[in-house]
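The values are calculated or read from the model by the stated rules, or taken from the named source; none is laboratory data. What you see is a predicted model, and the numbers here were worked out from it, not measured in a lab. Don't worry about glycine lacking a Cβ; one is built from the backbone with ideal geometry, like all the others, and counts go over all protein chains shown.
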Amino acid sequence: MAGHRAVLGVLQALKERLDVRMPPLTGGSPKALVLGSQTLAAGPSGENLGIYLHRIAIDPFARNRYLAPAPPQRTPRPELPVNLHVLLIGWSVKNETEIGYLAAAMQIIGGALTLDVSHLASADATWDDHDSVQVMPEEMSTEDLMRLWDSLPGDYRLSTPYLIKTLRLAPDLSADEGPLVRSVLIPAGTLPEDAP
């Protein structure tokens with residue numbers, strides 16, 4: 001079960017995986033970059049592959065799951081399953097590099113790439129041995145992709161959409177619960193022994 005730091009941690013884990021695997025495939029020394037909106041607006045300044053998180057959405061198929069109560073709490077805790085929608089972007093001023101880096105990243109991810117605790121524990125210590133996410137191609141029409149780019153800062157770049165599925169966020173821990181509430185029933189017309 002992950003905390004909020006895992007969102008960036010998953011993107012960093014994908015970046016590190018691509019940084020290790022891309023140089024042997026491309027023959028160069030490409031780097032993956034996690035892009036923010038400001039970087040996207042400024043345009044490329046080197047020969048890289050961009051990873052841009054454009055949407056975080058609730059996973060509709062993983063809703064209504066609950067975690068076991070954490071002591072001293074007694075009620076189940078709802079988890080928040082989220083999917084991360086990213087664009088892989090050829091981040092280069094050279095045509096052949098832009099195409100080559102994006103194609104190499106697609107080959108590395110393949111049909112699905114699993115990232116587990118071995119990739120993510122350094123980013124978020126709350127990751128469990130059973131937690132993992134999958135990076136997979138996302139179905140998106142050309143029209144939807146163009147619409148997305150129209151809403152983003154900067155000009156269109158060669159890109160392909162991917163889905164990182166399902167990141168299970170733990171609920172925020174509240175203050176410890178107090179003792180259980182007890183009801184005291186007093187028959188009408190009588191007083192407890194310690195009443196004045």
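So, in segment 22-48, how many residues would count as being surrounded by 15 or more Cβ atoms within 10 Å (Cβ to Cβ) and under 21 Å from the mean Cα position of the chain (by Cα)?
Of the residues in segment 22-48, the ones surrounded by 15 or more Cβ atoms within 10 Å (Cβ to Cβ) are 22, 25-26, 30-35, 39-40, 44, 47-48.
Now drop any that are not under 21 Å from the mean Cα position of the chain (by Cα), which leaves 31-35, 39-40.
So the count comes out to 7.
Just give me the residues in segment 118-170 being within 18 Å of ILE56 (Cα to Cα), free of Cβ contacts under 8 Å to residues at least 60 places away in the same chain and assigned to a loop (DSSP other than H, G, I, E, B), in sequence order.
GLU138, GLU139, MET140
Consider only pairs whose beta carbons are under 6 Å apart and that are at least six residues apart or on different chains; among these, list those whose first residue lies in segment 77-100 and is closer than 27 Å to PRO30 by Cβ and whose second residue is at pLDDT 85 or above and acidic (Asp, Glu).
ASN83/ASP59; GLY90/GLU98; SER92/GLU47; SER92/GLU98; THR97/GLU47
Looking only at residues that are over 24 Å from ALA42 (Cβ atoms) and of a type in the set (Gly, Ala, Ser) in segment 105-126, which one is surrounded by the fewest Cβ atoms within 10 Å (Cβ to Cβ)? Break it down into steps so the answer makes sense when it comes.
Kept after step one, since they are over 24 Å from ALA42 (Cβ atoms), are these residues of segment 105-126: 106-126.
So of that shortlist, the ones also of a type in the set (Gly, Ala, Ser) come out as 110-112, 118, 121-123, 125.
On the way: GLY110: 10, GLY111: 7, ALA112: 11, SER118: 11, ALA121: 16, SER122: 13, ALA123: 19, ALA125: 10.
Filtering segment 105-126 for residues that are over 24 Å from ALA42 (Cβ atoms) and of a type in the set (Gly, Ala, Ser), the one surrounded by the fewest Cβ atoms within 10 Å (Cβ to Cβ) comes out as GLY111.
Does any residue of segment 24-46 turn out to be touching a His at 6+ places or on another chain (Cβ under 8 Å), under 18 Å from THR160 (Cα atoms) and charged (D, E, K, R)? Give the derivation first.
Pass one, segment 24-46, residues touching a His at 6+ places or on another chain (Cβ under 8 Å): none.
Looking through segment 24-46, none of the residues is touching a His at 6+ places or on another chain (Cβ under 8 Å), under 18 Å from THR160 (Cα atoms) and charged (D, E, K, R).
Report, by residue number, each residue of segment 5-47 that is closer than 29 Å to ASP124 by Cα, among the charged types (D, E, K, R) and not in a helix (DSSP H, G or I).
Within segment 5-47, just LYS31 meets the criteria.
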